[in-house]
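Supplied in structure tokens, the structure appears directly below.
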Amino acid sequence: MAMEPGDTQYLPKPDVPLYSVPTIALASFLGGPLAAGWLVSVNFRHLNEPKAARMALIIGILAMAALVALMVAIPSDLSTRVPGFTISAIYTAIIWILADRIQGPSLAAHFARGGRRHSPWRAAGISLIAALPVFVVFVGLVQVMPMAPPFDFTGEQTLFGNEGDMVYHTGDVPSTLVEEAGAALTEEGTLVNGRPDAVELRLDGDGYVLTVPVILSSWSDQGLMNQLERIESRLVESNAFRPIRIEIIHQGVSGIQRRFLDLDPPVEP
């Protein structure tokens, strides 16, 4: 329950420390909404509001989950243009306003009568503890989720399949090869964890490169390699003038990772 300064009915004893609003905001910036919800929950417990304490913690957990989902879903081309601290600054400002509205008067009354306040260093430590499991979950999600198109793909766009999937290609790639790539991907159906939303076909030196998004955890999947080998063989057969290589691509925490497949060329009959 928010109180007016001077109302001490629900205030803890002066020797019980509470977290100030700026300290809660600091924790939010360092450890995300979960850390802020934790500190707000502690304050509510000392203010004799157990229901509000539980609700603050639940909201902090849900907000943190939503933030992680947002960070994973942001397209790579957008994430490179928006600094990471921008998102942190936005949700920190929102949490500052909310914390001041729901606890500001109570905290002001507590501190006005000589009540103790927790150190910002303590809040920073709690933030690191709260951020660690979230970071582990975030890394895990990034490793098992495909990167969002169009990555760094460029060129014209040609639809293939029935799901609105896209082949990016430049003018120096024959239209027949673009159509064959789309047909091969469509006939192979699902690669891993869903069809590629976008692939890129480009001229690279003396040959062509087909870049296919594949989640990192599936780079060693033999079934996937067999599918890609069939696609490569089909493209090689349809284009006898230049060699064709397949490249797999994934975006993780450390950035974009690429690897060319070492697939054996088709055996001549």
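Where a number appears in this text, it was derived from the coordinates with a stated rule and is not lab data. Please read all numbers here as calculations on a predicted model, not as lab measurements. Note that each Cβ is placed from the backbone with ideal geometry, even for glycine, and that neighbours are counted across all protein chains shown.
Starting with the fewest neighbours, write out PHE241, PHE44 ranked by other beta-carbon atoms found within 10 Å of each beta-carbon. Walk me through the numbers before you get to the answer.
Details: PHE241 8, PHE44 23.
Taking fewest neighbouring Cβ atoms as first place, the list is PHE241, PHE44.
A further question follows. Pop the C-beta distance of MET55 and ASN226 into the FRET formula with R0 = 41 Å and round what comes out to the nearest 0.05. Each step should come with its number before you reach the end.
On the way: r = 52 Å, r/R0 = 1.26.
Once rounded, the FRET efficiency stands at 0.20.
How would you order 179-185, 18-24, 113-119, 60-66 from highest to lowest mean count of nearby Cβ atoms within 10 Å?
Going by the mean number of other Cβ atoms within 10 Å, highest first, we get 18-24, 179-185, 60-66, 113-119.
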